[in-house]
1. Can you confirm whether residue 246 is more than 30 Å from residue 66 (Cα to Cα) and modelled with pLDDT under 80?
2. Here are the criteria: (1) open to solvent by less than 70 Å² (accessible area, probe 1.4 Å); (2) over 19 Å from residue 226 (Cα atoms). Tell me which single one residue 89 does not satisfy.
3. Looking at region 260-276, is at least one residue touching a residue at least 40 places away in the same chain (Cβ under 8 Å) and farther than 30 Å from residue 49 by Cα?
4. Of all residues in region 159-177, which are out of contact with any Ser or Thr (no Cβ under 7 Å at 6 or more places or on another chain) and within 17 Å of residue 87 (Cα to Cα)?
5. Given the structure, is residue 57 outside the structural domain of residue 270 (by TED's automatic domain parsing) and at pLDDT below 85?
6. Of these, 104, 120, which one is surrounded by 13 or more Cβ atoms within 10 Å (Cβ to Cβ) and either assigned by TED's automatic domain parsing to the domain that holds residue 164 or among the hydroxyl-bearing types (Ser, Thr, Tyr) (or both)?
7. Of the conditions (1) touching a residue at least 40 places away in the same chain (Cβ under 8 Å); (2) in a helix (DSSP H, G or I); (3) over 30 Å from residue 246 (Cα atoms); (4) open to solvent by 20 Å² or more (accessible area, probe 1.4 Å), residue 184 satisfies every one except a single condition; which number is it?
8. Output yes when any residue across region 158-176 is more than 25 Å from residue 229 (Cα to Cα) and surrounded by 14 or more Cβ atoms within 10 Å (Cβ to Cβ), and no when none is.
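The values are calculated or read from the model by the stated rules, or taken from the named source; none is laboratory data. Worth saying up front: this structure is predicted, and the values here are computed from it rather than measured. Positions of Cβ are backbone-derived with ideal geometry, glycine not excepted, and every protein chain shown enters the neighbour counts. The protein model used for the area step is the full one, side chains on, heavy atoms only, and it has no ligands, DNA or RNA in it. Shrake-Rupley method; radii C 1.70, N 1.55, O 1.52, S 1.80 Å.
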Amino acid sequence: MSAVADTAPPGAADARIARAPWVLSAPALMLFVGVLLIPLAMTVMLSFHDWGQYKGIEPVFILKNWHEIATDPYYAEMFWRTFRIAILTTLLTALLGAPEAYILNRMSGRWKSFFLLVILGPLLISVVARTLGWALLFGGNNGLVNKLLMSAGLIRAPIPFMFTETGMVIALAHVMMPFMVLSVWAALQRLDPQIENAAMSLGAGPITTIRRIIMPQIMPGVLSGAIIVFSLSASAFATPAIIGGRRLKVAATLAYDEFLNTLNWPLGAAVATLLLVALVLIVVGSNALIERRYAEVFR
C-alpha cells in the first residue's frame, strides 16, 4: 500500500489537496443555497407576478407591483418611517451604549462579569416578551407607570407611548442595546489603559482625554455597532407590530399584512425585496467607508 502511495503522481496528490476544501464545505454550501439563496430567488421572482382578489396569483412577468411602490406616496412614507425609526434607534443606542461600554471596561473583574451578564441577559429573553413589558408599563390608562403617575398627581393624562414613533424607538433601543454595547466593548479591548494615564499626566483633562484619545480609537466599534443596530431595527417585526400596531406600519409589518391579511403575495414580496436590497446597499456601503477610514485599526 505504501509503495503504491509513494509511486502516485504528484499532480494527483495536489489535485486532492485542492479539492479537499470544496468537498468539506459542500454540505454547508448546499444548506446555504437551499435555505437562503433559493427562497430569496423565489421571493424576487414572486414580486414580478400578478395578483387579483378572485384570480389569485398569476405567474406572469409584469412590473405592476414595482410600479405601484414607486408611484404611490404611501409606500414612500412607509419606507421613510422605517429608516427614520432605525436611524433614531441607532443614535439613541450609540449615545447610551458607548458610555455604558466604557464604564463596563473600567470595572474590576468581579463587577465586570456581573454587569456583562446583566447586559447579555436580555438576549436570553424573547423579543416579544421584552416588548410586551413596555406595553404593560405605558399601555394607555392601564399601563402600570401611567397609573402610578396619574394616581400621584404628576400627570393628568397617560404618557403617549403605544402607537407612536417615540415608543417604537425606545422599545427598539432597549432591544438593540446589547449589540451596541458589545461592539464598543470589543473595540475598547484594543485600547491600552496606560494611554489614558499618559494623557492625564501630560495635563489633559478627562473631557480632552475622551475626545482626543478614547473616541478616535473606539469609533470603529461605534460605527460597527451602528450598522448592526440599524439593519436589525429597519428589518424588525415583533417590536413595531406590538408597539405600532396596525396604525403605524413599517416595511416589515406591511409585508406581513400583504402576505397574510390581504393575501397579495406578489406585492408583499416586492416590499420585502426592496427592503432587503436597500439594507444590503446601506450596510455594504457603510462597511466599505468604515474600513477605508479606519484601515489602520482593522489591520
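1. Judged against the criteria, residue 246 is not a match.
2. If we test residue 89 against (1) open to solvent by less than 70 Å² (accessible area, probe 1.4 Å); (2) over 19 Å from residue 226 (Cα atoms), just (2) comes out false.
3. no
4. 164, 165, 166, 167, 170, 174
5. Yes: the conditions hold for residue 57.
6. 104
7. (4)
8. Residues of region 158-176 that are more than 25 Å from residue 229 (Cα to Cα), as a first pass: 158-159.
With the extra rule that they be surrounded by 14 or more Cβ atoms within 10 Å (Cβ to Cβ), the set shrinks to 158-159.
So far as region 158-176 goes, yes, one or more of its residues are more than 25 Å from residue 229 (Cα to Cα) and surrounded by 14 or more Cβ atoms within 10 Å (Cβ to Cβ).
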